[in-house]
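The values are calculated or read from the model by the stated rules, or taken from the named source; none is laboratory data. Source: prediction; values computed, not measured. Here the Cβ positions follow ideal geometry from the backbone for every residue, glycine too, while neighbour counts run over all protein chains shown.
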Amino acid sequence: MKALNHTLDRLQLAGIVLSAAALMLPTVPANAGDEHGHDEESGGEHGDEIVFPPDAFAAYGITIATATRAPISEVATVPARVEYNAEAMAHVGTPISGRAIEILVRLGDTVQQGDLLVVVESPEMGTAESDLLQQRSMREAAASALEVARVAYQRAEELRKTNSISVTELLARQTELMKAEGELKIAVASYVAAENHLKVLGITRSQREDLLASGNVTSRYELRAPISGKVVRRELTQGEFVGPDRGSLLVLANTDYMWVMADVPERLMQRVSIGTEGRIVFDALDEAAASGTVTYVSPEMNPRTRTAQFRLAVDTRTLPLAPAEHGSAPEGSRDDHADGGGDEHGHEPAVEHDHGEEGHAAPPPAQSPMVLRPGMFAHVDIALQSSVGAEPDLAIAVPEAAVQTVEGRDCVFVPSDEPNTYKPAPVRLGRRIGSRVEVLSGLNEGDKFIASGSYMFKAEQGKSGAEHEH
C-alpha cells in the first residue's frame, strides 16, 4: 500500500511538469504562416524581393542597364577650391557722375537681367537728355529750311524759262538750296551723335523714345542688371557720390554654374584632358559630393608648387548635395533619418511616400543654388588618361547612384526570376572613376541592374521588411 501511494505521487509530479512545459510551448494555428497563408520557408526565400511595375519606371526616372567590361582609368585625388564662374559675372558701374539717390538691392539678393539696381541723379545725364531734344529740334528746323529752299529753287527754274528772273537770281537760289542741304546733314549728324551718347550711357531705345515723346528731362540715370544672378558685392551707400572712376558699384554672379579649381602634380599634368569627368568631395559640406567636367587645363605650371591647374564646372542647380557615400538618393526622395531612425539591428525604418492624388512622387523641396561658396576647400577624384603605350584595365563599373547600402552591405538591385520583381545583390566595390564605381565581384558581365532610381527600390525594400516584422 505504501509503495502504491509513492508511485501515485510520482505520477502526479510528472503531470505538473508536463503541464508547465505545455504552457511554455507557442500555440501554432492550423493555417501556420503569414496572413496570406504563406509558410515561413517560402517567405524567407523571397522576403528580400520587391515588386515594381514597369509603368512606374518612367514616373521615377528608373533605368535598367547591362553590366559590361570597359576600359577603366587610374584615379588621382588632388586638392581643390571653389570659385565663382568668372565668365558669368558682371561688374556694375556708372559711366556718369552723380549721386546715388536710390539703392534697390542688398547684398545677397537675387536679380534678373534688366532689373533696376540703383538710381543716380546726375546733371550730366540731364545735359545728355537735353542735348538730344535740342538736336532733334535743330534737325527738324534744318529739314524745314531745306524744303523751303528747294521750293524756291524750283520756282526760280520755272521763272527762268520765261526770262522772268536773271541767271544770277537762279544761281543764288541754287546756292541757298545747297547750303540748306549741308545744314541738314550737319543737324542729322549732331542728332545721331547725341543719340549715340545716350546709347553709350546705357539708355535703351524705348527709354530714348519715351524721352522724345514726353520732352521731359529727368536727370536720372538707372543702373540695371546686365545678367541674372546674385549680388555678391556692394560698394556704395545711399546718397554717395559716384562716377566712372569707380571700378564697380555692384558685382553680380550667376551661381547656376560654379568653378572648382584643382591642382594636379607635374608628373600627372599630361594625363588630365578637357572633357574628363571628375568627382568632387566638399570638406565643409559633410563630405558631400558632386560631379563636374574639366573645361580648362592651364598651359602653365606653378614654379613654386610644381603643379598645374585645371578647372571643373559644377551645376549648382542639382544641389544641395547628397552625402558622398555611394548610392545616395537625391534630395527630396531620401528617407528622413536625421533623428537616428532605424531598429536595433540598424535596419532602416519603412518610409511613407507621399505619392499625391495621382500616384506620382511629391516634388522635392525648394533648393538653394548657393550651397557652394567661393573659398570652400574640396578634393577631386579625377580619371587619368593612360600612359603612352600602357594598356587600360578592363573592368565592370556602374553609376554610383546604382549602389545602395542594404543591411550594412553594398548592393545593386537586379531582376529576379519572377516578372517585375527585383532583389538586392551584394557587391564588392573597387575604385571610383568620376561618377562611376568599379565592381570587383557580385555583378557579372551581361547582368541586368537598376542604373538610376535605385533609391526607390531601397525604400520599397525597407518598407516591405518592416511590414514582415509586424
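Could you grab me the full set of residues in region 120-161 that are β-branched (Val, Ile, Thr) and surrounded by fewer than 17 Cβ atoms within 10 Å (Cβ to Cβ)?
Within region 120-161, THR127, VAL148, VAL151 meet the criteria.
List the pairs whose first member sits in region 158-178 and is touching a residue at least 40 places away in the same chain (Cβ under 8 Å), whose second member is in a helix (DSSP H, G or I), and whose Cβ atoms are under 7 Å apart, counting only residues at least 6 apart or on separate chains?
Correct list of pairs: empty, since none qualify.
Go through (1) closer than 22 Å to LEU384 by Cβ; (2) out of contact with any strand residue (DSSP E or B) (no Cβ under 7 Å at 6 or more places or on another chain) for THR293 and report which single condition fails.
All conditions are met except number (2).
State all residues of region 168-182 that are under 60 Å from the mean Cα position of the chain (by Cα) and more than 13 Å from ARG150 (Cβ to Cβ); if no residue qualifies, say none.
GLY182
Looking only at region 318-332, decide whether some residue is polar (S, T, N, Q), modelled with pLDDT of 75 or more and surrounded by 14 or more Cβ atoms within 10 Å (Cβ to Cβ).
no
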